[in-house]
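The values are calculated or read from the model by the stated rules, or taken from the named source; none is laboratory data. Values in this document were obtained by computation on a predicted structure and should not be read as measured data. Positions of Cβ are generated from backbone atoms using ideal geometry, with glycine treated the same way; all protein chains shown enter the neighbour counts.
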Amino acid sequence: MVEEIKPRVSVPARPGWLSNLLPVVFIIWGFVGVYLLQLAIDSTGKERMREKVVAELMYFPSGKFVREASIEYQQVAADFVWLRGIQYYGYHLMTDRKYEWLGHVFGILTTLDPKFIGAYHFGALTLAWDAHKPNEAVRLLVRGMEANPTNWQLPFYAGFINYMLLKDYEAAGIFFDIASKLPGAWLVVSRWAAVSVAKAGRSEAAREMWLDIYRSTENKALRKLVIRQLSLLKFNDALKGLQQAVDRFHEDKGRFPRNLQELVRTGYVGKIPEEPFGGRFFLEGGKVRSSTPPSRRG
Amino acid sequence: MFGRISGIARNTFREAIRDKVLLILLVFAIVVMGSAKVIQPLALGEESKVIKDLGLGAITFFCVLIAVLVGGRLVYKEMEKRTIYIMLAKPVRRWEFILGKYLGLMAVLFVSMLIMTAGFYIILLVSGIPASAYLLWSLLMTAFELAILTAVAILFSSFVPPIASAVFTFAVYFIGHLTRDLRLLAAMSPSAVVKGISEFLYYVLPNLSNFNIKGEVVHDVLLNPQALALSALYALVYTATLLLISVAIFRRKDF
């Protein structure tokens, strides 16, 4: 009979399957917990974060300082300011439509990266139309022109703002003229130079210029801004057309129509035009109005 | 069990305190905070803000360096010097070893932070700036941030050499502060895959910007207690998870 030899030293058992599995389960639960907590933090801190974004911008002393501080990473710094700027714009577009710091942000951004053409485009148009600061927008573009003397779009935008908002047709003509002589400029730009010299304030010209702006950019937010402005032009045209019909009706019949449908029935207008902001036109005491409040137009 | 863990922690602490790296970093931190005094005349009326910003910034930055540089070699050094064999020959469980190392390093960070904070408040006092206790909230949140970062350092340290570990931990630190921006960037992308990946990373990677309230405390903005409490809990859960992963990796090593 052979005696079984038992090893003197006991080999430690390998961890069993349970003790192998348990940590994995805990780790997964850990990440689930982290996920849920982050959701909770985001929901408490959303306002705080947004306020913080603004606060951060306020305390950006100036683009020059940030430029020095970001040493060789200026482009990266510019990209982050860009993101913050878009976030700032988007937030205020959805809420109060006040853009107090927009000019400051784009000033910093273009100081960090003076060749960031997209930033000039976006900054100038949002400053001019959303923040109602056309002069600041033109200044931004002129600074852009100094840093990018061969870019034709910058003077084109400057001319556009002069033409549409500042109504300075002479300045607009000069900017369009500069733009038309730069490499790559579209043929239409020289035509705009002529149009603005003729001081035409027609909405048809404005519509076509907006369409050119639309074609000149890939930026979605900017394109949305163009669409809003085009809708506004359409809105104003429709309102003006209806009002003229009402006035003609009044002259002919000595009374105002009871409603807009009466204009159609009596043949003063072919049909009631569609209201581009989703509301409807109606008549109130001889004046044509829209159910869309002015703050939601454009 | 507690005796063994605290033994390892105490040893880790002693070792780190003797380390020249720690001393150099502490001196640097105080010098940087002190340099705010030199900048003072250039700050144009914003002295108090500049000194506070620089102080809080320096404390955070140097604590991060300590966590990354000292933490990055904690476990690996033991393996390299073979001291781990002596350690594990004793009745020490592997998770106790990891936890002990972690707590030791946290103690080092706590003491360093205490020293730097004392230096910071002395500088505030010397500069005649009201040394409000409100600033301590920011340092408390930094401590939670460091808890996560130290766990990251330990995790890397358990399987890669110190320099790589330091680089990786620093990368996590950097990305941890940018996840929100990355998510915003990805939100603009038309690709659902990019969006999905960024969402995934946003929740999986530590979101260290949860702990950054420097702007608020410097400008005396009212803090949101709920957000602070949740962030603290977040740090604890995240840290525990990372330590579990470290232990799981460490257990698979053959010593």
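Regarding residue B:217, is this residue at pLDDT below 90, in contact with a Ser or Thr (Cβ under 7 Å, 6 or more places away or on another chain) and not in a loop (DSSP other than H, G, I, E, B)? In short, yes.
On the stretch given as the stretch A:93-112, residues that are crowded, with 18+ Cβ neighbours inside 10 Å and of a type in the set (Asp, Glu) total 0.
From B:86, B:122, B:59, which residue is among the hydrophobic types (A, V, I, L, M, F, W, C) and either in contact with a strand residue (DSSP E or B) (Cβ under 6 Å, 6 or more places away or on another chain) or buried (at least 17 other Cβ atoms within 10 Å of the Cβ) (or both)?
Working: B:86 fails: either in contact with a strand residue (DSSP E or B) (Cβ under 6 Å, 6 or more places away or on another chain) or buried (at least 17 other Cβ atoms within 10 Å of the Cβ) (or both); B:122 fails: either in contact with a strand residue (DSSP E or B) (Cβ under 6 Å, 6 or more places away or on another chain) or buried (at least 17 other Cβ atoms within 10 Å of the Cβ) (or both).
Just one listed residue meets the conditions, B:59.
Scanning the stretch B:197-220 turns up no residue that is more than 10 Å from chain A (Cβ to nearest Cβ) and closer than 30 Å to residue B:93 by Cα. All but one of (1) within 14 Å of another protein chain (Cβ to nearest Cβ); (2) out of contact with any helix residue (DSSP H, G or I) (no Cβ under 9 Å at 6 or more places or on another chain) hold for residue A:83, so report the exception by its number. Of (1) within 14 Å of another protein chain (Cβ to nearest Cβ); (2) out of contact with any helix residue (DSSP H, G or I) (no Cβ under 9 Å at 6 or more places or on another chain), only one is false for residue A:83: (2).
In this structure, is residue B:132 within 21 Å of residue B:211 (Cα to Cα) and modelled with pLDDT under 90?
Details: within 21 Å of residue B:211 (Cα to Cα): yes; modelled with pLDDT under 90: yes.
Spelling it out, residue B:132 is indeed within 21 Å of residue B:211 (Cα to Cα) and modelled with pLDDT under 90.
Checking A:172, A:206, A:179 one by one, the residue that is under 27 Å from residue A:140 (Cα atoms), in contact (Cβ under 8 Å) with a residue 40 or more places away in the chain and not aromatic (Phe, Trp, Tyr) is A:206 and no other.
Go through the stretch B:221-254 residue by residue and tally those that are within 22 Å of the chain's Cα centre (by Cα) and more than 7 Å from chain A (Cβ to nearest Cβ). Here the count works out to 13. In the set B:165, B:246, B:231, only one residue is touching a Gly at 6+ places or on another chain (Cβ under 6 Å), in a helix (DSSP H, G or I) and either closer than 30 Å to residue A:218 by Cα or touching a residue at least 40 places away in the same chain (Cβ under 8 Å) (or both); that residue is B:165.
Right, residue A:188: more than 18 Å from the chain's Cα centre (by Cα) and not charged (D, E, K, R) or not?
Values: more than 18 Å from the chain's Cα centre (by Cα): yes; not charged (D, E, K, R): yes.
Taking the combined requirement at face value, the residue satisfies it.
Counting only residues that are touching a helix residue (DSSP H, G or I) at 6+ places or on another chain (Cβ under 9 Å), surrounded by fewer than 16 Cβ atoms within 10 Å (Cβ to Cβ) and assigned to a helix (DSSP H, G or I), the stretch B:89-110 holds 1 of them.
Considering every residue within the stretch B:78-100, establish whether at least one is in contact (Cβ under 8 Å) with a residue 12 or more places away in the chain and within 12 Å of the chain's Cα centre (by Cα). Within the stretch B:78-100 (the criterion being in contact (Cβ under 8 Å) with a residue 12 or more places away in the chain and within 12 Å of the chain's Cα centre (by Cα)), the answer is no, since none of the residues qualifies. Of all residues in the stretch B:60-75, at least one satisfies being outside any helix (DSSP H, G or I) and within 17 Å of the chain's Cα centre (by Cα). Number of residues in the stretch B:132-161 that are surrounded by fewer than 21 Cβ atoms within 10 Å (Cβ to Cβ) and not in a helix (DSSP H, G or I) equals 6.
Taking the residues in the stretch B:182-202 that are among the hydroxyl-bearing types (Ser, Thr, Tyr) and out of contact with any Leu (no Cβ under 8 Å at 6 or more places or on another chain) as candidates, determine which candidate is surrounded by the most Cβ atoms within 10 Å (Cβ to Cβ).
Of the residues in the stretch B:182-202, the ones among the hydroxyl-bearing types (Ser, Thr, Tyr) are B:189, B:191, B:198, B:202.
Then keep just the ones that are out of contact with any Leu (no Cβ under 8 Å at 6 or more places or on another chain); that gives B:189, B:191.
Details: B:189: 12, B:191: 9.
The residue in question is B:189.
Within the stretch A:120-132, the set of residues being surrounded by 24 or more Cβ atoms within 10 Å (Cβ to Cβ) and without any contact (Cβ under 8 Å) to a residue 40 or more places away in the chain comprises A:120, A:123, A:124, A:127, A:128. Here residue B:189 passes the criteria (1) without any contact (Cβ under 8 Å) to a residue 24 or more places away in the chain; (2) farther than 28 Å from residue B:77 by Cβ; (3) assigned to a helix (DSSP H, G or I); (4) within 12 Å of another protein chain (Cβ to nearest Cβ) except the one numbered (3).
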